[in-house]
1. For segment 45-100, which residues satisfy the criterion of being in contact with a helix residue (DSSP H, G or I) (Cβ under 7 Å, 6 or more places away or on another chain) and among the polar types (S, T, N, Q)?
2. Search segment 105-126 for residues that are within 16 Å of ARG176 (Cβ to Cβ) and pair each with any residue that is charged (D, E, K, R) and in a helix (DSSP H, G or I) when their beta-carbon atoms are under 8 Å apart and the residues are at least 6 apart or on different chains.
3. Going by the structure shown, is ARG195 of a type in the set (Lys, Arg) and more than 13 Å from the chain's Cα centre (by Cα)?
4. Looking at this structure, is LEU201 touching a residue at least 40 places away in the same chain (Cβ under 8 Å), touching a His at 6+ places or on another chain (Cβ under 7 Å) and aliphatic (A, V, I, L, M)?
5. Cβ-Cβ under 9 Å, sequence separation 6+ or interchain: first residue in segment 23-45 and part of a strand (DSSP E or B), partner surrounded by fewer than 17 Cβ atoms within 10 Å (Cβ to Cβ) and of a type in the set (A, V, I, L, M). Which pairs?
6. Taking segment 150-165, which residues are in contact (Cβ under 8 Å) with a residue 40 or more places away in the chain and either out of contact with any helix residue (DSSP H, G or I) (no Cβ under 6 Å at 6 or more places or on another chain) or hydroxyl-bearing (Ser, Thr, Tyr) (or both)?
7. Note down all Cβ pairs under 7 Å where the first residue falls in segment 70-91 and is free of Cβ contacts under 8 Å to residues at least 12 places away in the same chain, the second is buried (at least 20 other Cβ atoms within 10 Å of the Cβ), and they're at least six residues apart or on different chains.
8. Which residues, taken from segment 33-44, are surrounded by fewer than 17 Cβ atoms within 10 Å (Cβ to Cβ) and touching a helix residue (DSSP H, G or I) at 6+ places or on another chain (Cβ under 8 Å)?
Amino acid sequence: MKRSDRPKRAALITGASRGVGAATAQLLAERGFDIGAGYRNKERRALRVCSDLARLGARGVPLQADLTSAADVDRMFRTYDSAFDSLDLLVLNASGGLEQHHDSQYPLRVNRDAQLAVLEAAAGRMQPGGRILYVTSHLAHDYGRTPMPPAYEPVARAKRAGEDALRERIPDLQHRGLRLFVISGGLIADTVTSRLLEYQLKGITAAHLAAAGELLTIGAFAEAIASCADLEAESGHTVYAGAREYGPAAEILGIPDPRAASRKGTATT
């Protein structure tokens, strides 16, 4: 079947107003999806993304929500339901926790609890064959097994907890005919996360570049995510994008390697 002959599909992408989420929206639009573009407070950017989608022949509907608010999540899905007839793909891209103005439990609320809340609301709306894509970082996916910048530790721990919680839902998702894929990426050039990391740990970008030889780009990571819309693999499969080894960069910055501590018999967390 030609792409133009496929029935129109619809996707909801959280964190779609900029960066990886916005680039993923465009790539999915090129694959025949209409897009519910989730955002927290960047309305102007979300509207711009939706305008770009219209130029690609896709419908884009901005969906405002603070994903840590149950009322906001409910409103987001009611808005989605009024705009689209189906939910074929859910992209869990939004995350947080590096911001300075939140309490210590915020990373878990946004990276674990909110992801589960969105999944539960979406799963009941999806038909067999639907996909859920969880977007994470290598530092989070490999939490406890790779050197960790201290400033990122709460976020990595929370995102790993979120991934684990989502994976626990795989049997129920399979019963519904749905599949979960995890897409893990390396340090990405010129994103909010990389800039916050660089602010809190000067030199991490240059160190990773020196160790890995290149940084993952927004476009390359978005391509890895969008390609999973039609991926044929078992539920729980992980797709990796970008350099995964942080050891050399950590050595440059003097960050302890938990694997070395483990080899010495020291417990790691």
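1. GLN64, THR68, ASN93, SER95, listed by residue number.
2. Note: pairs meeting the criteria are ALA121/ASP74; ALA123/ASP172; ARG125/ASP81.
3. yes
4. No; evaluated as a whole, the condition is false for this residue.
5. Final answer for the pair search is ASP34/ALA83; GLY36/ALA83; ALA37/LEU47.
6. PRO150, TYR152, ARG157
7. That search, which allows pairs on different chains as well, returns ASP72/ALA65; ARG75/ALA65.
8. Residues satisfying the conditions do not exist here.
No value in this document is a laboratory result; all are computed from the given coordinates. The model shown is predicted, which means the values in this text are computed figures rather than measured ones. Quick reminder, even Gly has a Cβ in these numbers, built from the backbone with ideal geometry, and neighbours come from all protein chains shown.
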